[in-house]
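Have a look at the structure below, then the notes.
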Amino acid sequence: MEFYYYGIGFIAACVLAVILTPAVKRFAFFVGAVDKPNQRKVHTRIMPRLGGLAVFLAFVGAFFVIAPMTDDLNWRVASALLIGGSMIVLVGALDDRFDLSPKTKLLVEILAALVIVFYGDIQIDLVNLPFGTEFETKWLSAPLTIFWIVGVTNAVNLIDGLDGLAAGVSGIANGTMLVMAIMMGNVTVILFSALLLGSIIGFLFYNFHPAKIFMGDSGALFLGFCLATLSVLGFKQATLVSFIVPILILGVPLSDTFFAIVRRKVNKLPISVADKNHLHHCLLQMGFGHRKTVLVIYGISIFFGLCAVLMSQTSQWVALVFVAVILFVLQLGAEAIGIVSKGKRPVLNLFLRARSKNVTK
């Protein structure tokens, strides 16, 4: 498949998203799928949800524009992604209107993941450990893949707290996957990444601050589902170091989810309890404005993406050192903004004491 076909798909998805989003906005108001302000919300006026429906329709529409032009598309994988994605968008859209229970959404997410794993035959089936050893996931393959898909799907949903945040971060992660897929020559991932990126960019014209429409759960869950599936599709059989690459690509939503779990454990709260201490909340509390907070998180996402690309091109020893440095910087940053606890900063305090001793010498 020639590369200009991917360009056609990207442009088609972007144009469709630009055209469809205003219609979806009117539809959201018509059916009452709106987001009302409350003490946890940053916005101060009633906003339409369902923006994810425009992203999904643009993605699917562009797919059927570009699909007849190629002979090397894996139709089984494509149909699995479309079926699973449709299930996710449907439950997300119903939640945008009726506020479904978390258990209902989780059940549909698991069913959609099962479609990917068993119908699409997309599984993490082999991990090549460093220095020549192999680990076959065997019976762990299916549950590990399902856990990854459901986890990433919800991680993206958790960061959907500011105008353009989840869409932009997903777009950066997806763009990184597109670059990696081109480097690896993975045709299927290139195609779907190009279509998804076009849909996201077209939607961002209406979703970036000040937003005219929110993507809602229909969008955040769909983007998370697609990113999770494409990452597995692109790294099915990877070295341990390369398997860290998709984790880095999705570094912002995954790390925010991880710190949210730790924070609630530290404060002895149920994991399902919502709070206002996510990354974007912490940056707002530090005095960053709405737009600047989003741009800072975009910058962090780009940093993770660049690290992922660089890591894929380095030796295993260098990559392992690279991971250790990133984890250290991540911990320092988390303590500095107080994403886990405003008072407990063990690593940061140790680092500052060590630095002060060096300065006084």
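General observations
- Top-ranked residue in region 83-94 [being open to solvent by less than 30 Å² (accessible area, probe 1.4 Å) and out of contact with any Gly (no Cβ under 9 Å at 6 or more places or on another chain); ranked as nearest to Ala13 (Cα to Cα)]: Gly85
- Long-range neighbours under 9 Å by Cβ, at least six apart or interchain, first residue on the phi > 0 side of the Ramachandran plot within region 159-175, second part of a loop (DSSP other than H, G, I, E, B): Gly164/Phe208; Gly164/His209; Gly164/Ala211
- Qualifying residues in region 136-169 (those that are among the β-branched types (Val, Ile, Thr) and open to solvent by less than 10 Å² (accessible area, probe 1.4 Å)) - the one farthest from Val91 (Cα to Cα): Thr137
- Within region 155-191, the set of residues being part of a helix (DSSP H, G or I) and closer than 20 Å to Thr21 by Cα comprises Asn157, Leu165, Ala166, Ala167, Gly168, Val169, Ser170, Gly171.
- Phe235 being of a type in the set (A, V, I, L, M, F, W, C) and either open to solvent by 40 Å² or more (accessible area, probe 1.4 Å) or modelled with pLDDT of 80 or more (or both): no
- Taking region 285-318 as the range and being open to solvent by less than 70 Å² (accessible area, probe 1.4 Å), over 23 Å from the mean Cα position of the chain (by Cα) and aliphatic (A, V, I, L, M) as the test, no residue passes.
- Checked across region 198-215, the condition of being in a helix (DSSP H, G or I), within 13 Å of the chain's Cα centre (by Cα), buried (at least 20 other Cβ atoms within 10 Å of the Cβ) and modelled with pLDDT of 95 or more holds for at least one residue.
- Screening region 276-356 for helices (runs of 4 or more DSSP H) wholly inside it with 3 or more residues that are at pLDDT below 85 returns the ranges 290-312, 316-337.
- Residue within region 253-268 that is open to solvent by 40 Å² or more (accessible area, probe 1.4 Å), out of contact with any Gly (no Cβ under 6 Å at 6 or more places or on another chain), farther than 30 Å from Pro22 by Cα and assigned to a loop (DSSP other than H, G, I, E, B) present: yes
- For Met69, the criteria (1) closer than 23 Å to Cys14 by Cα; (2) within 20 Å of the chain's Cα centre (by Cα) hold in every case but one, which is (2).
The values are calculated or read from the model by the stated rules, or taken from the named source; none is laboratory data. Note that this is a predicted model, so its numbers are computed, not measured. All Cβ positions, even for glycine, are placed from backbone atoms using ideal geometry, and neighbour counts span all protein chains on display. Protein only, heavy atoms only, side chains kept; ligands, DNA and RNA dropped before computing areas. Shrake-Rupley method; radii C 1.70, N 1.55, O 1.52, S 1.80 Å.
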